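Written out below as structure tokens is the structure these notes cover.
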Amino acid sequence: MAPRHSPGGSTDQAGPRCPKRLAGNVFEPPSVLDWRVRERDIRPSPSFFLHRLLGAGEDAVRADFTALLAGRSFEAVLPNVWSQYLSDMRLLDALAQHSERRRAASEAEWQVVDCAAYTSRVLGSVTNRTEAHHERMQALLGALLANPLWSDRRAKWLFIQPHYDLRGTVGRKLAEALVQRNAQIGPVILATVDRDGAHIGSQMPYFDLYRRAVMVPHVATPELARTARLCLPGSCPADASRRGYLFHGDLSRFDGGVRGAMRHIIDHLRHPASLQAKILSRGTATDTNPEPGAGGTGRFEPTARHVAFRETSAAGHTRG
């Protein structure tokens, strides 16, 4: 059998090996880290209009979710399986203050659905009111179908739904309505963390939505976000040396070989690295939802199990 060639030019009868140029070197993070996008890489934002289609119902969801957190970080209260995707309310709040926001839909290039659907899903799941979430998504579907711009071929609609499971978040009927408009009327742009969401579960009917999706980031853990803020140019303290590496993934996702590549790279890191599943993947480790707090304020308290899991997981950050 003819030998197979590795990307680095070496051959291996048994299979591809790590390239020689990688095996001979180790990766060292730069001493000065810049986490900001360079000005020249920023594309102009389109003008947009925010459609608050659920009115007071959307206000209530955001107020209840804010009360649940009571000023604490997502992960202090919620399992990471929820918190890592909770960017929709923050993004919509930021868009409300954006300079390209228009006060009339006719003046906007994009029409934005001003509904934090994933936050609504999390709120319903944590508070055991999932039926209320389903009713909100049904009401949102009716409001979209009744909006004249939904049937306007010239209108581009943006739907922010960060989680990779579209149907699990908005329900089958609304997901199908998004697909139908995108295919038969005009563009529906999905904002999500993962364009490969169509390959997860039974979501291939939504392939075109994921294919043209706008990517939004996962929500960084407080520990990671704190490190990023410390290491902005000019603010990184002298003793804030990088002592480890963190690779985030849940081990069961369609990833096109990314995890295999990470394992090869980890072999060549100078610092120790851990491949323990509960450190490599906090989202799949055992954890629990918070419980209602006392006093009827809407504040929820993390369980002892969640606190113990988070402390154990965080302790592994400098190794994995």
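Among the residues of segment 127-161, write down those that are under 20 Å from Asn289 (Cα atoms) and either without any contact (Cβ under 8 Å) to a residue 12 or more places away in the chain or open to solvent by less than 40 Å² (accessible area, probe 1.4 Å) (or both). Thr127, Asn128, Arg129, Thr130, Glu131, Ala132, His133, listed by residue number. Counting the residues of segment 66-115 that are of a type in the set (S, T, N, Q) and more than 14 Å from Val219 (Cβ to Cβ) gives 5.
For segment 96-113, the candidate set comprises residues that are part of a loop (DSSP other than H, G, I, E, B) and in contact (Cβ under 8 Å) with a residue 60 or more places away in the chain; within that set, the residue that is surrounded by the fewest Cβ atoms within 10 Å (Cβ to Cβ) is Glu109. Screening Ile200 against (1) open to solvent by 30 Å² or more (accessible area, probe 1.4 Å); (2) among the β-branched types (Val, Ile, Thr); (3) at pLDDT 80 or above; (4) out of contact with any Leu (no Cβ under 9 Å at 6 or more places or on another chain) leaves a single unmet condition, (3). Taking every residue in segment 56-69 that is closer than 19 Å to Trp82 by Cα and pairing it with any residue that is polar (S, T, N, Q), at least 6 positions away or on another chain, the pairs with Cβ-Cβ distances below 9 Å are Val61/Thr119; Val61/Ser120; Arg62/Thr119; Asp64/Thr127; Phe65/Thr119; Phe65/Ser120; Ala67/Thr297; Leu68/Thr127.
Leu178 satisfies every condition listed in (1) open to solvent by 10 Å² or more (accessible area, probe 1.4 Å); (2) free of Cβ contacts under 8 Å to residues at least 40 places away in the same chain; (3) farther than 30 Å from Pro292 by Cα except (1). Among the residues of segment 42-65, the ones that are over 16 Å from Lys156 (Cα atoms) and open to solvent by less than 30 Å² (accessible area, probe 1.4 Å) come to 5 in all.
Scanning segment 61-95 for residues that are modelled with pLDDT of 90 or more, of a type in the set (S, T, N, Q) and assigned to a helix (DSSP H, G or I) yields one hit, Thr66. Summed over segment 181-197, residues that are surrounded by fewer than 18 Cβ atoms within 10 Å (Cβ to Cβ) and in a loop (DSSP other than H, G, I, E, B) total 3.
The values are calculated or read from the model by the stated rules, or taken from the named source; none is laboratory data. Keep in mind that what you see is a predicted model, and the values were worked out from it rather than measured. Don't worry about glycine lacking a Cβ; one is built from the backbone with ideal geometry, like all the others, and counts go over all protein chains shown. With ligands, DNA and RNA removed, areas are computed over all heavy atoms of the protein, side chains included. Shrake-Rupley method; radii C 1.70, N 1.55, O 1.52, S 1.80 Å.
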